[in-house]
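Asks: Here it is, the structure, as structure tokens.
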């Protein structure tokens, strides 16, 4: 009898150990296999390869703007006039929803370069063409849900939470910009 | 499925042999032929069968469309026109599929409102209700991704706005949107995976519809009186009484559907979707399909990005938890006049929100959307719980379904037998 009971007790604890051990190894194994199935959805190598472009800005006169496609997104390059720069510079930073000075948003005051995607829900704001509605602050206006941006692309009115994003860029020369 | 004694008797030897090995004929007989169903069901109870028909239509036409459609950003738009012009009967398949989605939603909205009016979400049908909400959310996912596939302007920008909803999540929002897109904007990888998922969701839908019917057959149908079934007098076999009633309404629905398919096939679509997707130009007014408009109005009513997204998802979630907001034991609003009044106001508010969702977000439209959005939440979170506690019925409820149907005759079955012969 005693032998059987010892056996049972020993067997039970060995079993518990094996159950828990097997379960733990199985969980770790499954968890480590899940990641490739999830990560395959993230931007792939061909998407990442499109990460930078070079733009010739020589033909863009003062007061004009061009839109280029970078990573599938429109990028606004605006050649600003003195009035626009002055207007963007004299804004009281304390009034802004996403406080940023105009100097923080540009490398050369004449060139405002930013991703042309409204930070609310991703529409392309109007304001690149001379005939466009530019909103209450004379910059850009998003028609989808009514966000107004100023001449520095900062959010001034409407549901968007942030200023238009400034991408990573550098001037390769006076007439060439590398975005990304 | 249900807790009923089976009275299926196989007639032939082979049927008996098969029944002992796989009782599928017994299941069909028990659940869909003799299944006891409240005798007083009205036409609001026919939507289940109508929805079943539209699910089948969507599955068949969808499988066919997938044989001719190309999920590539450069070719998708043209392949849809190819289906419309070149593929034999392609125009019919596509019109049936696109309009089928709308009729699916018409039927499901009637089905949901029927459940709300007659208290079909109350004990013991809470799980049935929750499974229904899961089905509704899956339907919205399928409809949204399906609308993206033609790769027109509204497809592209609808996809952009909806996927950007997730960018409102603090910290991880941008990573999530890039994960959903497979790129840095809605583009080829997004279209390709939406096609894959648009094919997956219907399989999930079929599975959840099965669970929904299972849950229904465990507890049985509710009915317009909201009374529980007390005796076999209260019920009739599902076939032929309710199969015929359901078939009749299905034919009515299919007739109206056919009219749309053949004569107004683009009525519920948007003209901008005849323009190929252009990531550089946003349409002046982005409008979702009509069945999303009330929620879109809620989204735009809140002047804050995260707040708007939370309100929009919250507007669906308050419907999901209705069984726990309304604990009044009386199911049917026939016997709750106060609750009925506020429910009718809610239906009107939901329709007005749909109207406002189609309008630009400016001027009085925004003000009206805010007031109506407030009512939506006040209705579920304040009015319903308060009435649930306060309201007691002021009309005498019938003692049973049979009483309700037969009036005095039902109460005196023995006397009624002799009396009825003289009628």
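Asks: Suppose R0 equals 41 Å. What FRET efficiency, 1/(1 + (r/R0)^6) with r the Cβ-Cβ distance, do residue A:32 and residue B:75 give to the nearest 0.05?
Replies: Once the sixth-power term is evaluated, E becomes 0.65.
Asks: With no solvent and one point on each alpha carbon, what is the Debye value of log10 I(q)/I(0) for segment B:198-286 at q = 0.16, 0.19 Å⁻¹?
Replies: Each listed q maps to, in turn, -0.99, -1.12.
Asks: How tilted is helix A:2-39 with respect to the longest principal axis of chain A? Cα atoms for both, answer in degrees (0 to 90, nearest 10).
Replies: Helix A:2-39 sits roughly 20 degrees off the main axis of chain A.
Asks: While we're on this one: Dividing the convex hull volume of the alpha carbon atoms of the protein assembly as shown by its residue count, what do you get in Å³ per residue?
Replies: Working: hull volume 166.0 nm³, N = 603.
Convex hull of Cα atoms, per residue: 275 Å³.
Asks: A follow-up question, please. Given 4 °C and 1.567 mPa s, compute D for segment B:1-95 with the Stokes-Einstein relation, Rh being the Kirkwood radius over Cα pairs; round to the nearest whole µm²/s.
Replies: On the way: Rh = 17.7 Å.
Diffusion coefficient, whole number: 73 µm²/s.
Asks: Ok, one more. Which of these, B:176, B:70, B:14, has the largest mean-square fluctuation under a Gaussian network model of chain B (Cα springs below 10 Å)?
Replies: Taking springs between Cα atoms under 10 Å, the residue moving most is B:14.
Asks: Let me ask something else about it. Which residues in segment B:302-346 place their backbone N less than 20 Å from a point set 7 Å from the Cα of residue B:397 along the Cα-to-Cβ direction?
Replies: Under 20 Å, as judged by backbone N against the label point of residue B:397, lie B:322-344 of segment B:302-346.
Asks: Relative contact order for segment B:30-286: what is it in percent, counting Cα pairs under 8 Å that are at least 6 residues apart?
Replies: 37
Asks: Mind giving me the nanometre distance, one decimal, between the label points for residue A:92 and residue B:66, set 7 Å out from Cα along Cα→Cβ?
Replies: Going by the 7 Å Cα→Cβ label model, 6.0 nm.
Asks: Tell me, what is a quarter of the convex hull surface for the C-alpha atoms of segment B:288-393, in nm² with one decimal?
Replies: 6.7
Asks: Here's something else I'd like to know. As a test of the formula, what do you get for the protein assembly as shown when each DSSP H run with n ≥ 4 contributes -39,500 (n - 2.57) and the sum is divided by the residue count, at 222 nm and rounded to the nearest 500 deg cm²/dmol?
Replies: -17000 deg cm²/dmol
Asks: Can you give the angle from 0 to 90° between the axis of helix B:364-378 and the longest principal axis of chain B, with both taken from C-alpha atoms, to the nearest 10?
Replies: 40
Asks: Continuing with the same structure: Please compute, for the alpha-carbon atoms of chain B, the extent along each of the three principal axes and give them in descending order in Å.
Replies: 80, 59, 42
Asks: What order, most packed first, do the peptides B:217-225, B:86-94 have when packing is the mean number of other Cβ atoms within 10 Å of each residue?
Replies: Order by mean packing, descending: B:217-225, B:86-94.
Asks: Also, I was wondering about something else. Determine, for B:129, B:17, the number of other Cβ atoms within 10 Å of each Cβ, and report the residues in order from fewest to most.
Replies: In order of increasing Cβ crowding within 10 Å: B:17, B:129.
Asks: Does segment B:125-194 come out rounded, prolate or oblate, given a ≥ b ≥ c as the square roots of the eigenvalues of its C-alpha gyration tensor, rounded meaning a/c under 1.5 and, failing that, prolate meaning a/b above b/c?
Replies: Taking the square roots of the gyration eigenvalues as a ≥ b ≥ c, segment B:125-194 is oblate.
Asks: Grab the Cα-Cα distance for residue A:25 and residue A:46, subtract it from 0.36 nm times how many residues apart they are, and report the gain in nm with one decimal.
Replies: 4.0 nm
Asks: Quick one: what does P(r) look like for chain A with 10 Å bins over all Cα pairs, in whole %?
Replies: For chain A, the pair-distance distribution reads 9, 28, 23, 10, 7, 7, 6, 6, 4, 1, 0.
Asks: Over the Cα atoms of segment B:39-108, compute the convex hull volume and normalise it per residue, giving Å³.
Replies: So the per-residue Cα hull volume is 85 Å³.
Asks: Rounded to the nearest 0.05, what FRET efficiency is calculated for residue B:12 and residue B:203 with R0 set to 25 Å and r the Cβ-Cβ distance?
Replies: About 0.10, to the nearest 0.05.
Asks: Kindly express, to the nearest 10 degrees and within the range 0 to 90, the angle between helix B:76-85's C-alpha long axis and the longest C-alpha principal axis of chain B.
Replies: For helix B:76-85, the angle is close to 60 degrees.
Asks: Assuming R0 = 56 Å, can you tell me the calculated FRET efficiency for the pair residue B:89 and residue B:386, based on Cβ-Cβ distance, to the nearest 0.05?
Replies: E between residue B:89 and residue B:386, to the nearest 0.05, is 0.50.
Asks: What full-extension length gain, to one decimal in nm, is calculated for residue B:44 and residue B:176 as 0.36 nm per residue of separation minus the Cα-Cα distance?
Replies: That pair, residue B:44 and residue B:176, stretches by 43.4 nm at full extension.
Asks: May I pose another question? For chain B, with a Gaussian network of springs between Cα atoms less than 10 Å apart, report the residue from B:348, B:298, B:50 with the top mean-square fluctuation.
Replies: Sorting by GNM fluctuation, first place goes to B:348.
No lab work stands behind these numbers, since they all come straight from the coordinates. Not measured: the values here are computed from a predicted model. All Cβ positions, even for glycine, are placed from backbone atoms using ideal geometry, and neighbour counts span all protein chains on display.
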